[in-house]
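What follows is one structure encoded as structure tokens, with my remarks underneath.
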2 protein chains.
Amino acid sequence: MMKLYDYYRSTAAYRVRIALNLKGLDYQQIPVNLLTGEDGGAEYRTVNPQGLVPALALDDGVLQQSLAICEYLDETVPEPPLLPGDARQRSRVRALAQMVVSDIHPVNNLRILQYLTRELGVSEEQKQTWYHHWIHEGFRPMEQLLAAQAAKGKFCFGDQVTLADICLVPQVYNARRFALDLTPYPRIVQIEQACLQLEAFNRARPEHQPEMV
Amino acid sequence: MMKLYDYYRSTAAYRVRIALNLKGLDYQQIPVNLLTGEDGGAEYRTVNPQGLVPALALDDGVLQQSLAICEYLDETVPEPPLLPGDARQRSRVRALAQMVVSDIHPVNNLRILQYLTRELGVSEEQKQTWYHHWIHEGFRPMEQLLAAQAAKGKFCFGDQVTLADICLVPQVYNARRFALDLTPYPRIVQIEQACLQLEAFNRARPEHQPEMV
């Protein structure tokens, strides 16, 4: 069985849990506690030299990076597809995913927030402002793109669940956790709520992970 | 003809220039000057609501996000392929690309460095330390992964030029620009040098762009 090196509050790991659930795959979760620094430990770095979660261990090797893992799952287990069939539409979905994965999440993840506090001595208030700033910078154009698209539907791409939803939902969870005002983003919240109705998303939620029990 | 909204020193735009050149595609470059803030201007945001480069305008729409653009180019112009044929190997290449695109570049790009200076009042020295820290955090595991792989060759993935090289070379350029000591990364530098021998990479270099002339 595949092993997912996981942390319940990691939004990157949350993405992969959703993808695995959508594909109907069984996996064993191995918690890597980011807060106690176990992730930076030598032992976990033998699994993933980056020391980050998620990592997905197959029988004969380890996959890294949430999007690369999701694309692998999509290529090896085609149903249900996580991307549209058309190249232009695939690019659109991948771009929405990257807006979260490259432009919002990396700037706000734990290691960055810790550096701001420990190395730069920023206050809690400044850290919160930083955090909110980068989410707004990302969500503002995403809301605009999602609201403007021709094929409106329940999800980021019409009525098909895609990689974009897989990335968006964990980011909204994170925004809520840091008390971001989501009022300016009605379309994003609508999509999040539609996704959470699905068992694959619901089961992947941080509050439903073993570490929480 | 396709129009590339470009900035010569943007490493994300540099990636797309390489991909377009590798695919042998013609494109018109439209410079968007990030330093004078034109990118944040209302006019460019009608092209790309994120206000970031690159964006690739086709006859009937605009593509965003460098990796989503590269994947689009690879799907629509199959030769030469930017990814290996095997799903596991594709995942490996995409993971290397994401290590640059998600874990190094977003934390060190212009808007972040400006925020550190303007909003948090960090010194030039602290900014340099921040910058170097995140490159080292990213290059250390990448060097290890690249040096350890079975199929050694000239590039990140054996002797095939892939998406991983397209992302790595601009990041090394950026590291040099900020005077990072590359001594700990002999494999990365070797790959960069091999890539720059190729006309597609050489023509895409920041110092060969129209803005420099």
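The values are calculated or read from the model by the stated rules, or taken from the named source; none is laboratory data. Not measured: the values here are computed from a predicted model. Cβ coordinates were reconstructed from backbone atoms using ideal geometry, including for glycine residues, and neighbour counts include every protein chain displayed. What goes into the accessible areas is simple: the full protein's heavy atoms, side chains included, and nothing from ligands, DNA or RNA. Shrake-Rupley method; radii C 1.70, N 1.55, O 1.52, S 1.80 Å.
General remarks:
- Those residues of the range B:116-126 which are more than 15 Å from B:A179 (Cα to Cα) and open to solvent by 20 Å² or more (accessible area, probe 1.4 Å), in sequence order: B:T117, B:R118, B:E119, B:L120, B:G121, B:S123
- A residue that is part of a helix (DSSP H, G or I), closer than 22 Å to A:Q144 by Cα and open to solvent by 10 Å² or more (accessible area, probe 1.4 Å) can be found somewhere in the range B:46-62.
- In the range B:24-45, of all residues being in a loop (DSSP other than H, G, I, E, B) and in contact with an Asp or Glu (Cβ under 8 Å, 6 or more places away or on another chain), the one that is modelled with the lowest pLDDT corresponds to B:N33.
- Sole exception among (1) under 19 Å from B:T117 (Cα atoms); (2) facing another protein chain (nearest Cβ under 8 Å); (3) part of a helix (DSSP H, G or I) for A:L120, by number: (3)
- Some residue of the range B:79-92 being acidic (D, E), open to solvent by less than 30 Å² (accessible area, probe 1.4 Å) and either at the interface with chain A (Cβ under 7 Å from one of its Cβ atoms) or in a loop (DSSP other than H, G, I, E, B) (or both): no
- Where B:A13 falls short, out of the listed (1) of a type in the set (G, A, S); (2) within 23 Å of A:V93 (Cβ to Cβ); (3) modelled with pLDDT under 90: (3)
- Enumeration of residues in the range B:161-201 that are polar (S, T, N, Q) and surrounded by 14 or more Cβ atoms within 10 Å (Cβ to Cβ): B:T162, B:Q171, B:N174, B:Q190
- Some residue of the range B:39-47 being under 20 Å from the mean Cα position of the chain (by Cα) and at the interface with chain A (Cβ under 10 Å from one of its Cβ atoms): no
- Taking the criterion of being hydrophobic (A, V, I, L, M, F, W, C), at the interface with chain A (Cβ under 8 Å from one of its Cβ atoms) and crowded, with 24+ Cβ neighbours inside 10 Å, the residues of the range B:98-110 that qualify are B:M99, B:V101.
- Filter pass, B:T129 being of a type in the set (V, I, T) and open to solvent by 10 Å² or more (accessible area, probe 1.4 Å): yes
- Of all the listed residues (A:D159, A:D165), the sole one being modelled with pLDDT of 95 or more, under 16 Å from the mean Cα position of the chain (by Cα) and closer than 25 Å to A:P81 by Cα is A:D165.
- Residue pairs meeting the criteria (Cβ under 6 Å; at least 6 apart or on separate chains; first of a type in the set (D, E), in the range B:73-100; second assigned to a loop (DSSP other than H, G, I, E, B) and surrounded by 23 or more Cβ atoms within 10 Å (Cβ to Cβ)): B:D74/B:L82
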